[in-house]
Amino acid sequence: MVIARPVQGKNRNLKTRISLALFALYFALPFIKINGNQSLLLDITERRFYIFGMIIGPNEMYFLHLTLLFLGILLFFSTAVWGRIWCGWACPQTVFTEAYDFVGRLVAGKSFGKKSMTWFDWSKVYAAWIVISLVFNYIFISYFAGADYMWERLSTLNFSNDGDPSWPLGNWVMGTLAASAIAFGNMSYFRENMCRLVCPYGRFQTALLDKDSPIVTYDVKRGEPRRQKGQKEGEGDCTACNMCNAVCPTGIDIREGLQIGCLTCGLCVDACTIEMGKKGKEPLIAWKTVAQSTDPSAVRKIWRPRVVIYAILLAIIVGLFTYRVVTRIPIQAIPFAEPSTFKQYLPTVGIKTDYSITLSNFYPETHKIRIEVVSEDPNVKLMSDLVAGQKYFEAELASTKTLKPRLPVVYAAPTPQDIPADKEFVNFKFKIYAAEKPDKIKWADALIRLK
């Protein structure tokens with residue numbers, strides 16, 4: 001297990017600010033309400049997502065697909081422009097590792113991570129890590145189970161599962177405990193191996209980097225040959241202080257060249273800046289492009305073909321996502337023709353087909369949902385329209401609730417002779433909308449079989 005030594009510098013200060021902002025967002029989002037709902041809630045059991053005021057149903061998973069596609073291409077774009085910035089500055093593995101190390105230093109003091117640590121010191125650190133694992137993962141599970149629900153249960157010490165006495169602990173409790181155990185095992189044992197052995201990004205970063213992508217690199221010409229053991233000075237500028245290796249969160253030696261384990265966090269740059277500053281020299285480790293690492297005079301080109309292509313793809317995805325949000329109708333309607341009523345002829349009325357419509361309201365508020373029948377053939381009508389002159393079905397539906405009305409649809413034909421001989425079926429559409437928002441219409445195709 002690698003525990004990096006703390007260091008001060010520009011990169012460290014910027015990383016701290018970014019980490020604090022990310023933690024503030026992580027802890028705040030479950031408790032921010034938009035339209036009365038949790039700002040970000042992925043309610044998988046109820047098959048709906050609450051995303052910053054929108055309620056996404058199971059028929060709108062294209063939003064998830066577009067989001068994942070956007071994040072994937074954004075990763076390619078950011079790597080081409082800024083290098084492996086995600087890993088070193090925003091990846092949860094990196095951010096949480098630094099948080100655990102911060103707590104470890106609070107508990108164990110300056111001896112944290114050193115060989116001088118006793119078993120008593122480690123027991124205090126592990127106890128603190130268990131506590132923060134529970135806290136972090138309580139928040140994590142609240143993104144899926146709901147912060148209000150979990151706090152209500154926790155405040156009343158109700159850890160059971162509703163309606164299921166066979167499980168002594170609720171799903172949110174088991175989820176929190178399981179996630180906490182995984183997090184503790186990761187931070188107390190696996191750590192840097194997640195980046196070096198598991199994460200695929202480090203392995204395909206070479207395909208994402210080009211000669212103009214920035215990396216953290218060591219100046220071999222200036223630094224080598226470095227000072228040897230027992231020497232006060234070496235022929236090169238490197239003093240062999242090994243601080244670049246000591247502050248690295250994955251324990252690599254940047255002097256050996258770009259490696260899978262390099263997160264491009266820049267902490268080794270800070271360490272070398274401090275050491276070389278003592279000698280009044282420029283640091284040997286710095287941010288450079290791949291081309292500048294071998295040719296210091298190389299000029300970096302930011303806008304190159306791959307960056308332009310990534311930018312265009314991102315713009316297309318953002319545009320498509322925005323269009324889908326703006327034109328979205330927060331109503332789900334799935335019509336199903338009842339087989340028992342296919343081509344059912346009612347004397348003096350006509351041919352009737354009953355449709356069951358699974359109707360869900362994904363507006364954040366209650367609405368009166370109306371259903372009309374629209375067809376080029378004026379003989380296609382709702383039974384209620386034909387019998388009582390009621391041209392639409394209406395039902396009040398609360399947010400996220402589902403209703404399954406059964407609507408008889410009729411092809412008006414008082415006598416069998418009124419049924420067209422040249423048609424096997426007649427197409428029509430269900431027009432579905434909220435009475436309070438008549439301009440936002442959901443259409444569902446259907447038909448009546450005449451033969």
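Beta carbons closer than 8 Å, at least 6 apart along the sequence or on distinct chains, pair a first residue in region 365-386 that is under 22 Å from Ser399 (Cβ atoms) and in contact (Cβ under 8 Å) with a residue 12 or more places away in the chain with a second that is outside any loop (DSSP other than H, G, I, E, B) and among the aromatic types (Phe, Trp, Tyr) for Ile369/Tyr433; Arg370/Tyr392; Arg370/Phe393; Arg370/Tyr433; Ile371/Tyr392; Ile371/Phe393; Ile371/Phe430.
Considering only region 342-352, I want to know if a residue exists there that is over 20 Å from Pro408 (Cβ atoms) and not aliphatic (A, V, I, L, M). Taking every residue of region 342-352 in turn, none turns out to be over 20 Å from Pro408 (Cβ atoms) and not aliphatic (A, V, I, L, M). Counting only strands (runs of 3 or more DSSP E) that sit completely within region 387-441, those holding 3 or more residues that are among the aliphatic types (A, V, I, L, M) and surrounded by 15 or more Cβ atoms within 10 Å (Cβ to Cβ) correspond to 406-412, 425-434.
Rundown of residues vs (1) more than 24 Å from Ala4 (Cβ to Cβ); (2) part of a helix (DSSP H, G or I); (3) in contact (Cβ under 8 Å) with a residue 40 or more places away in the chain, yes/no style:
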position	(1), (2), (3)
Val107	no, yes, no
Ser123	no, yes, no
Ala127	no, yes, no
Ile139	yes, yes, yes
Leu157	yes, no, no
Asp162	yes, no, no
Gly175	yes, yes, no
Ala178	yes, yes, no
Gly185	no, yes, no
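Only a single item in (1) more than 19 Å from Ala286 (Cβ to Cβ); (2) touching a strand residue (DSSP E or B) at 6+ places or on another chain (Cβ under 9 Å) is not met by Lys232, and it is number (2). Say whether the condition of being not polar (S, T, N, Q) and not in a loop (DSSP other than H, G, I, E, B) is met by at least one residue in region 287-294. Yes, region 287-294 contains a residue that is not polar (S, T, N, Q) and not in a loop (DSSP other than H, G, I, E, B).
Identify all residues within region 110-158 that are among the small types (Gly, Ala, Ser) and either outside the structural domain of Gly170 (by TED's automatic domain parsing) or surrounded by fewer than 17 Cβ atoms within 10 Å (Cβ to Cβ) (or both); write none if there are none. Residues satisfying the conditions are Ser111, Ser116, Ser123, Ala127, Ala128, Ser155.
Go through region 159-176 and give me each residue that's loosely packed, with under 15 Cβ neighbours inside 10 Å and hydrophobic (A, V, I, L, M, F, W, C). Residues satisfying the conditions are Phe159, Trp167, Leu169.
Could you check region 1-39 and list, in sequence order, the residues that are hydrophobic (A, V, I, L, M, F, W, C), assigned to a helix (DSSP H, G or I) and touching a Ser or Thr at 6+ places or on another chain (Cβ under 6 Å)? It would help to see each step written out before you state the result.
Start the filter on region 1-39 by keeping residues that are hydrophobic (A, V, I, L, M, F, W, C), which leaves 1-4, 7, 14, 18, 20-25, 27-29, 31-32, 34.
Filter once more, keeping what is assigned to a helix (DSSP H, G or I): 14, 18, 20-25, 27-29, 31.
Leu29, the sole residue that qualifies.
Summed over region 231-257, residues that are crowded, with 20+ Cβ neighbours inside 10 Å and part of a loop (DSSP other than H, G, I, E, B) total 8. The residues of region 7-21 that are surrounded by 16 or more Cβ atoms within 10 Å (Cβ to Cβ) and within 22 Å of Asn186 (Cβ to Cβ), listed by number, are Lys15, Ser19.
Please work out which residue is surrounded by the fewest Cβ atoms within 10 Å (Cβ to Cβ), limiting yourself to region 365-386 and to residues that are in a strand (DSSP E or B) and aliphatic (A, V, I, L, M). Give the steps one after another, and end with the answer.
Restricting attention to region 365-386, the residues satisfying the condition of being in a strand (DSSP E or B) are 367-374, 380-382.
Right, trim to aliphatic (A, V, I, L, M) and you get 369, 371, 373-374, 380, 382.
Values: Ile369: 26, Ile371: 22, Val373: 23, Val374: 11, Val380: 23, Leu382: 21.
My answer is Val374.
Taken over region 339-364, the residue count meeting the criterion of being among the polar types (S, T, N, Q), in a strand (DSSP E or B) and modelled with pLDDT under 90 is 1.
Among the numbered conditions (1) without any contact (Cβ under 8 Å) to a residue 60 or more places away in the chain; (2) within 28 Å of the chain's Cα centre (by Cα), the only one that Pro296 does not meet is (2).
Selection of region 400-446 for residues being touching a His at 6+ places or on another chain (Cβ under 8 Å) and acidic (Asp, Glu) yields only Glu436. In region 177-197, the residue that is surrounded by the most Cβ atoms within 10 Å (Cβ to Cβ) out of those that are farther than 14 Å from Thr97 by Cα and modelled with pLDDT under 95 is Arg196. Checked across region 266-286, the condition of being modelled with pLDDT under 90, surrounded by fewer than 19 Cβ atoms within 10 Å (Cβ to Cβ) and either out of contact with any His (no Cβ under 7 Å at 6 or more places or on another chain) or farther than 30 Å from Tyr189 by Cα (or both) holds for no residue.
The values are calculated or read from the model by the stated rules, or taken from the named source; none is laboratory data. Quantities reported herein were computed from a predicted structural model and do not represent experimental measurements. Cβ atoms come from the backbone with ideal geometry, glycine included; neighbour counts cover every protein chain shown.
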